1. All other residues with a Cβ under 12 Å from the Cβ of ALA256 taken together, and with Lys, Arg as +1 and Asp, Glu as -1, what is their net charge?
2. For the stretch 332-373 and the stretch 239-305, write down the distance between their C-alpha centroids in whole Å.
3. Counting other Cβ atoms within 10 Å, keep those with at most 16, restrict to DSSP loop, and tell me which GluC sites (Glu not before Pro) in the stretch 232-339 are left.
4. Under 8 Å for C-alpha pairs, at least 6 residues apart: give me the relative contact order for the chain, rounded to a whole percent.
5. If you wrap a convex hull around the C-alpha atoms of the stretch 38-117 and split its volume per residue, what is the figure in Å³?
6. Provide the net charge surrounding LEU229, with neighbours chosen by a C-beta distance below 13 Å and charges set as Lys +1, Arg +1, Asp -1, Glu -1.
7. Give me the angle, in degrees from 0 to 90, between the Cα long axis of helix 349-378 and the longest principal axis of the Cα atoms of the chain, rounded to the nearest 10.
8. Suppose we flag trypsin sites (Lys or Arg not before Pro) only when DSSP calls them loop and at most 14 other Cβ atoms lie within 10 Å. Which is the longest uninterrupted stretch of the chain?
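Each reported figure results from applying straightforward, stated rules to the coordinates on display, with no laboratory input. The shown structure was predicted, so the numbers you read here are calculated from the model rather than taken from an experiment. Here the Cβ is made from the backbone with ideal geometry for all residues, glycine too, and neighbour counts use every protein chain on show.
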Amino acid sequence: MANKKKQKMSNVTFFVICLLVGGLVGLILGTVGPDLEFLNTMTGADIVVLLVSLVIWFFLGIIVHELGHLVCGWLSGYTFGFFKLGSLSWFTEDKEIKFKRSKNFAVGQCVMIPPDNEAEFKFLLYNLGGVIFNFLTTLALLLLWYALPSNHLFRIFAIAGVGMNLLLGITNIIPLRSQGNDGANIASALKSADGRRALYLTLYINGQLLKGKRLKEIDEEIISVYGKLSLENHLVGNALMFEIEYLLETGQAEKALAIAQKINTDNFPIIHGHLFKLFQLLIYVSYLPDFDKARAIYEDENFQDFLKMKLPSVSSVLPAYEFFVNNNYEKAEEMLMQVKNDVANIPNKGERLSLMEYLEQLEEKIAERKESQLQDMAC
């Protein structure tokens, strides 16, 4: 219930901020922007063009934002990790940049890999990159407005672009910890050395996974952060999740469960609360069986919404739940086949290998149970 209230408050806060920022954008454009007198004579068709332009610029603005992270990451000494546009993904694997089309859709996403030497880690420009590019795009559109001959349709398209890029830039630079946006990451990294350390570890470990390493192959001294970094900093949440996964891969389920249960996620983005609960569900189903506790977590109304998300890390837990808790072997087998197909398309090689190993082990257990049942029927 607390998580649900937190989610609602976060949504309301974000909506109010968007309204305020929208009003600020309008004020800026009306005060120092181009002549907007033509808006007073817009026809119904013009309004349709404006609405369509806003939708187009929403997607273009996000792509511009992610390109900003890409370029500014490169300028900060990072190497390429992952870039996604819609269902198209470019990613680093086996020292090559590869391309893959996947079912999972994301308007835009960029992940860069920081230097191996943490002393060379620069986070400010990389995290500001998206906002900088949104503001530069705003400036470019305004310059084009004045430089090009007057064109009614272009003016509508341009003003939509100016407004949307300003909106995306401002809402990303305002720190929103519940959303885990760029501004929140910058503020938390500037706030303490623990925040900077956690941000570096998150990017570095994710980079190692992209290169094909498994978590269990990474030095435990690097990946162990619980008790070393302050849980007051929201960036520590990402690093903690890597540590829990590492503990599960290395056969330390009791320790993983203890960490997942002790974490107070009030300081973390809302999705982190769901992910720590997902770890508990996974452990109670597959590692330290306690089906009553697993069922209590699974049936939580707020958690049910999260379980509907089409994320491989989420969907890979569900066949195990059907198999072990519900004893529904047929449904578990059907879900397992679908999840294996989805996991096979994950660009992140290290994550793909770990999830596939877990699913193959589950597949073996289902096959063993079916064979046992057939033997019992034969007797």
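1. On the way: positive: LYS255, LYS262; negative: GLU243, GLU245, GLU249, GLU254.
Overall, the nearby charge balance is -2.
2. The stretch 332-373 and the stretch 239-305 have Cα centres spaced 20 Å from each other.
3. Values: sites: GLU232, GLU243, GLU245, GLU249, GLU254, GLU299, GLU301, GLU322, GLU330, GLU333, GLU334; in loops: GLU232, GLU299.
In loop regions of the stretch 232-339 (DSSP not H, G, I, E or B), the sparsely surrounded GluC sites (Glu not before Pro) are GLU232, GLU299.
4. Working: 496 pairs, mean separation 55.9, N = 379.
Value for the chain: 15 percent.
5. Numbers: hull volume 9.0 nm³, N = 80.
Roughly 112 Å³ of hull volume per residue.
6. On the way: positive: LYS191, ARG196, ARG197, LYS228; negative: ASP194, GLU232, GLU243.
So the environment of LEU229 carries a net charge of +1.
7. Long axis of 349-378 versus the principal axis of the chain: about 40 degrees.
8. On the way: sites that count: LYS95, LYS228, LYS308, LYS310.
Result for the longest clean stretch: 96-227.
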